[in-house]
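The values are calculated or read from the model by the stated rules, or taken from the named source; none is laboratory data. Because the structure is predicted, anything quoted here is derived from the model rather than measured. Don't worry about glycine lacking a Cβ; one is built from the backbone with ideal geometry, like all the others, and counts go over all protein chains shown. Remember, those area values only see protein heavy atoms, side chains included, never the ligands or the DNA or RNA. Shrake-Rupley method; radii C 1.70, N 1.55, O 1.52, S 1.80 Å.
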Amino acid sequence: MRSGSSRLAGNFVGVLCMLLWATNFPLADRLLADWHPVLLTPVRSGMAALALVFVVICMGQWRQLFALKVRHLVGAGGVALAASNLMFVWGQRYVDPATAAILVSAMPIVSVVMGVVTRVERLTVVLAAGIVLAAAGGAIASIGLQDGASGSREGSYLGAIVIATGVVFYVWYSRSMVAVSPQVSPLAKAAISMVMLTLMTLIYAEFAVLFGLVPLEYDLSGPSLLMLAWLGPISIGASTVLWFLAGKMVGITIASMHHNLVPLYVMVIMLLLGGSIEVLTLAGAGLVIAGAALAQLPSLDIPKIRKVRVS
């Protein structure tokens, strides 16, 4: 059992993590106007990797960078994380930042479902109700999606599906990395994860550009570099460290509950930047947040159907 002070500290870390990560959505939205998603992904993760590895070395934890097994580095730290990040960035090209944050806020639902499937967590009445409520919220929020970059609402629907799929990969990555090698610090895990993410997405980007699968779209102007300087080391790098730390302190499912507040953080940031919010987007956000919160409440187990023997 975790102590009350440890749980309180873990939840505080979770709030700080999501505050930093929330800045990713409006920044990525602006950068994607001049960057192709496939090129932006390795650049932002590479800047995060450089910053985190530097801090690991300064703290004398460099040996921990080599402590994880190869299958964990390639599987969860490589394939799953690379797939989730590519989907997050690519999907954001077709939906607005608030909608992207709403979709990601369903992460605790995905985490609990994954826990049920792997028999780590139990399916309860309120959990099932929370899943239904969150799904309804996602459907309502999709009606208020802004038109995507392609100029069609269908493009926005596709972006929502891509981001939702990315959430599944990210939960797989998170649960796996928190569970393995508990002797490795969250900082070292975040650093090596960012290194693997950069290598995987960089290889993909090089092949994609070489074979003409994606256009060479990028922007190295002053404003773009300033946004990347925050997006990589802080919004992605520092938040990943805090994410692992919160997951270690209170568990991934509870830590992921703080994703429920990310849409609110993003909406406030967008309003401060002079943006606007769709009414249906707000309504959908409310339902998703309510569903995710409901899923975390204790409840009676769903009763099993008993077979009745007819004599």
The chain shape via C-alpha gyration tensor axes, a/c threshold 1.5: oblate
Using a 1.4 Å probe, how large is the accessible area of M87, given in Å² and rounded to the nearest 10? 50
For W62, W21, give me the order by solvent-accessible area with a 1.4 Å probe, most accessible first, ignoring ligands, DNA and RNA. W62, W21
Rolling a 1.4 angstrom probe over the protein chains, ignoring ligands and nucleic acids, what is the accessible area of I140 in square angstrom, nearest 10? 60
The stretch 32-128, Cα convex hull volume normalised per residue, Å³: 154
With a 1.4 Å probe and all protein chains left in place, how much of the accessible area of the stretch 36-146 comes from carbon and sulfur atoms, in whole percent? 73
Rolling a 1.4 angstrom probe over the protein chains, ignoring ligands and nucleic acids, what is the accessible area of R44 in square angstrom, nearest 10? 10
Given a Förster distance of 41 Å, the FRET efficiency implied by the Cβ-Cβ spacing of L123 and Q183, rounded to the nearest 0.05, works out to 0.80
Can you give the extra length, in nm with one decimal, that the chain gains between A293 and F12 once fully stretched, where that is 0.36 nm per residue apart less the Cα-Cα distance? 99.5 nm
Two-site label geometry, S176 and K69: point separation in nm, points 7 Å out along Cα→Cβ: 1.2
Can you order the peptides 243-249, 220-226 by their average number of other Cβ atoms within 10 Å per residue, highest first? 243-249, 220-226
Can you put F211, F169 in order of accessible area, largest first, using a 1.4 Å probe? F211, F169
Only helices at least 30 Å long along their own axis, judged from Cα atoms, and with Kyte-Doolittle mean hydropathy of 1.0 or greater: name those in the chain from DSSP H. 37-58, 186-210
When only Cα pairs under 8 Å and 6 or more residues apart are kept, what is the percent relative contact order across the chain? 41
For the chain, modelled as a GNM with alpha-carbon contacts under 10 angstrom, which of D29, D219, D96 fluctuates the most? D219
FRET efficiency, 1/(1 + (r/R0)^6) with R0 30 Å, evaluated for A33 and L280 via beta carbons: 0.80
Note down the relative contact order for the stretch 161-268 as a percent, whole number, built from C-alpha pairs under 8 angstrom at least six residues apart. 39
Points 7 angstrom from Cα along the Cβ direction at V209 and T165: gap in nanometres? 2.4
At 1.4 Å probe size, with every protein chain present, just tell me what the per residue accessible area of the stretch 1-52 comes to in Å². 41
